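Here is the structure we will look at.
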């Protein structure tokens with residue numbers, strides 16, 4: 001999976017990494033920046049996605065499509081598809097271009113809008129990556145977990161960097177008897193939940 005990443009994907013990843021660095025250096029407001037995962041977290045997500053059981057793959061928070069590109073490596077390896085949700089017009093446009101130029105538009109569908117308005121329609125969820133506004137995390141967790149298959153994986157980003165905001169959701173997830181959960185100290189911290 002990592003030994004033969006297509007050049008189109010590598011090139012687009014580099015493009016987005018530079019764009020993200022430029023946004024941060026320019027001091028752009030949080031909502032205007034890409035706010036994408038670091039490369040090591042991307043690799044971690046690809047391994048999780050490749051290890052997930054058969055079922056529905058979803059991503060909540062597309063941004064520029066960077067984490068979707070990492071997930072696409074697992075999608076190609078397993079023959080699966082991803083549905084990703086994004087609310088911001090500019091990011092939908094950027095991600096659409098990302099998936100087109102990287103050659104993965106056939107396996108990644110973007111849904112524009114608040115994922116919470118759609119999640120009840122997605123059953124048999126085997127993989128979910130959650131990287132959206134932090135005040136939506138609890139709602140998304142509550143909507144996704146009941147629809148997950150046994151062995152399904154939910155990964156939520158930024159749980160260490162935003163621990164002050166996310167602590168109640170983290171504690172509830174760890175105590176939830178429907179999942180086995182722990183915080184993985186990679187990148188900005190990933191809450192990893194596996195459906196029992």
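At-a-glance table
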quantity	calculated
Test result for residue 17, touching a residue at least 40 places away in the same chain (Cβ under 8 Å) and surrounded by fewer than 21 Cβ atoms within 10 Å (Cβ to Cβ)	yes
Residue check for residue 155: touching a helix residue (DSSP H, G or I) at 6+ places or on another chain (Cβ under 9 Å), modelled with pLDDT of 95 or more and not in a helix (DSSP H, G or I)	yes
Meets criteria (in a helix (DSSP H, G or I), surrounded by 15 or more Cβ atoms within 10 Å (Cβ to Cβ), over 14 Å from the mean Cα position of the chain (by Cα) and in contact (Cβ under 8 Å) with a residue 24 or more places away in the chain) for residue 98	yes
Counted residues, the range 37-61 - those being under 13 Å from residue 128 (Cβ atoms) and either crowded, with 17+ Cβ neighbours inside 10 Å or out of contact with any strand residue (DSSP E or B) (no Cβ under 6 Å at 6 or more places or on another chain) (or both)	11
Filter result (under 16 Å from residue 1 (Cβ atoms), part of a loop (DSSP other than H, G, I, E, B) and in contact with a helix residue (DSSP H, G or I) (Cβ under 9 Å, 6 or more places away or on another chain)) within the range 75-92	80
Residues that are surrounded by fewer than 17 Cβ atoms within 10 Å (Cβ to Cβ) and part of a strand (DSSP E or B), drawn from the range 172-193	180, 182, 184
Candidates 71, 10, filtered to the one that is touching a strand residue (DSSP E or B) at 6+ places or on another chain (Cβ under 8 Å) and either free of Cβ contacts under 8 Å to residues at least 12 places away in the same chain or part of a helix (DSSP H, G or I) (or both)	71
Enumeration of residues in the range 104-124 that are over 14 Å from residue 71 (Cβ atoms) and in contact (Cβ under 8 Å) with a residue 12 or more places away in the chain	111, 112, 113, 114, 115, 116, 118, 119, 120, 122, 123, 124
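The values are calculated or read from the model by the stated rules, or taken from the named source; none is laboratory data. Because the structure is a prediction, the values reported are computed rather than measured. Every residue, glycine as well, gets a Cβ built from its backbone with ideal geometry; the counts of neighbours run over all protein chains shown.
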